[in-house]
Amino acid sequence: MSQTFTCGDYGALVSYLYDECEPNERRAISAHVAVCRGCAEEIASLGATRELLGAWSPPDAQLGFRVVSDPSPSNVLRPSRWWLQPMPAWAQAAAAAVIFATGVTLGALRATTGTTDAQASNPQASNVTLTAGPTAAVTPGDLSALEQRLRAEMSQMRNTNGPAPVSAGDAQVLERVRVLIQDSEQRQQRELALRTAEIVRDFDAQRQGDLTRIERAMGQMDGTTGVEVAQQRQMLNYLMRVSQRGQ
Amino acid sequence: MAFTDDELVAKSVGGDAESFNQLILRWERPIYALAYRVIGREEDARDVCQETFLRAFRALPGFKGQAKFSSWLYRIALNLCRDWIRRQRRAPVMQIPEGVDPGELAAERGPVESIEELVSRRELSAVVEEAMALLPEEQRTAIILKEYHGMTFQEIADMQGCPLSTVKTRLYQGLTVLRRHLEKNGQMTPQLVKRK
């Protein structure tokens with residue numbers, strides 16, 4: 001190895017940096033670095049860079065690989081099953097056609113069954129459903145009155161020993177429900193009008209109060225300004241008088 | 001009793017899978033770390049690590065002990081990393097580091113370090129990782145083998161199939177690029193930044 005070191009011998013510098021050089025080469029570089037500020041700083045900064053590299057650590061990973069001498073059948077690779085292999089295009093098309101036909105048939109069947117069910121069901125059910133919405137606005141008193149009426153009608157029907165025509169009874173019930181709904185709507189409208197009137201009144205009152213306060217504030221400002229103007233006038237007059245006396 | 005690598009290799013060649021598992025346990029972390037630092041992706045590094053041991057196990061009967069078992073493993077891993085890089089040539093080598101979560105850091109590191117120190121260290125790690133990604137593959141690999149795996153210049157030269165002087169040049173050039181990047185990101189102290 002060389003006994004001397006010259007600036008720019010980066011190979012030797014790297015050997016010195018990693019402490020992987022012969023003792024005589026190390027001595028030569030040490031002697032040079034002691035007198036050459038540039039090389040000393042170069043080695044110092046490369047050393048500092050190396051220190052910072054220590055901060056880079058790979059993330060923790062779940063490893064734990066193992067070799068199994070007698071692998072269980074599930075771990076052994078084997079040709080894939082026929083049902084796991086991709087289907088040919090013609091088979092995919094056939095499957096799609098079968099699925100589509102099944103869907104159409106089921107849809108048609110469901111539509112027919114739905115119509116039959118609707119026809120077979122009691123028409124009163126639809127009436128009950130219609131009344132479900134507005135019941136929220138009907139008071140308990142209305143409901144109890146309706147219940148009493150219905151009970152009275154049912155008892156009348158029993159007393160007559162024969163079923164009353166279904167359509168007539170339904171029409172009566174419907175009519176009463178409509179009346180109840182109308183009453184409820186009218187009450188709601190009255191209440192809404194009342195609330196709206198209250199809001200408008202409150203708004204007007206607030207507006208009036210605000211306007212009064214604004215006018216008062218403006219008046220105070222006017223008054224203050226007027227007083228200030230008067231004081232300035234008095235001051236000017238005084239100055240005029242004083243200056244005339246001096247002349 | 002702890003067996004040496006050579007002993008475990010001999011027993012593995014004789015059909016003792018458990019001995020090879022001990023070799024895996026001994027070397028999987030360094031191999032994973034090497035793969036992660038070279039390719040920069042956790043999942044792919046795991047795959048490379050697994051594939052390295054799989055190939056080593058298959059090729060074990062052909063391993064005659066000309067080199068150290070660890071060097072042989074490193075060589076397999078580096079070849080796999082090189083293949084991976086070739087496949088990913090168009091994609092960026094390093095992923096952008098994700099945001100730092102101090103709470104998570106505190107949970108995983110414990111209360112010894114302050115949050116600020118943990119965040120600072122994580123940031124520094126990210127900057128170093130970013131800087132390493134700037135290096136050409138040969139320089140990066142040389143620095144990784146030297147800095148993180150403590151290989152000699154000669155071992156790196158054997159691993160990379162190049163002269164000793166080339167290894168030194170790669171190390172010097174790589175360190176210079178890293179220094180510049182770390183200076184730019186404010187990780188180096190001012191008195192060290194000042195050079196002639």
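Structure values in brief
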{"item": "Which listed residue, of B:Y74, B:Y36, is hydroxyl-bearing (S, T, Y) and within 12 Å of chain A (Cβ to nearest Cβ)", "result": "B:Y36"}
{"item": "Criterion violated by B:Q22 - all others in (1) buried (at least 21 other Cβ atoms within 10 Å of the Cβ); (2) farther than 30 Å from B:A126 by Cα satisfied", "result": "(1)"}
{"item": "Restricting segment A:43-67 to residues that are among the charged types (D, E, K, R) and under 20 Å from B:A45 (Cβ atoms), the residue that is farthest from the other protein chains (Cβ to nearest Cβ)", "result": "A:D60"}
{"item": "Matching residues, segment B:51-74, being without any contact (Cβ under 8 Å) to a residue 40 or more places away in the chain and in contact with a helix residue (DSSP H, G or I) (Cβ under 9 Å, 6 or more places away or on another chain)", "result": "B:E51, B:T52, B:F53, B:R55, B:A56, B:A59, B:Q66, B:W72"}
{"item": "Hits in segment A:24-42 (condition: buried (at least 18 other Cβ atoms within 10 Å of the Cβ) and within 58 Å of the chain's Cα centre (by Cα))", "result": "A:E42"}
{"item": "Conditions (1) within 13 Å of chain B (Cβ to nearest Cβ); (2) more than 20 Å from B:M151 (Cβ to Cβ); number of the one not met by A:N24", "result": "(1)"}
{"item": "Count - residues of segment B:129-176 that are crowded, with 19+ Cβ neighbours inside 10 Å, touching a residue at least 40 places away in the same chain (Cβ under 8 Å) and over 13 Å from the mean Cα position of the chain (by Cα)", "result": "4"}
{"item": "Of the criteria (1) more than 9 Å from every other protein chain (Cβ to nearest Cβ); (2) crowded, with 16+ Cβ neighbours inside 10 Å; (3) among the charged types (D, E, K, R), which one B:D6 fails", "result": "(2)"}
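For (1) farther than 29 Å from B:C49 by Cβ; (2) surrounded by 13 or more Cβ atoms within 10 Å (Cβ to Cβ); (3) modelled with pLDDT under 90; (4) under 46 Å from the mean Cα position of the chain (by Cα), each residue gets a yes or a no:
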{"residue": "A:D19", "(1), (2), (3), (4)": "yes, no, no, no"}
{"residue": "A:E22", "(1), (2), (3), (4)": "yes, no, yes, no"}
{"residue": "A:A44", "(1), (2), (3), (4)": "yes, yes, no, no"}
{"residue": "A:S57", "(1), (2), (3), (4)": "no, yes, yes, yes"}
{"residue": "A:Q62", "(1), (2), (3), (4)": "no, no, yes, yes"}
{"residue": "A:P79", "(1), (2), (3), (4)": "no, no, yes, no"}
{"residue": "A:A91", "(1), (2), (3), (4)": "yes, no, yes, yes"}
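The values are calculated or read from the model by the stated rules, or taken from the named source; none is laboratory data. Being a predicted model, the structure only gives us computed values, none of them experimental. Note that each Cβ is placed from the backbone with ideal geometry, even for glycine, and that neighbours are counted across all protein chains shown.
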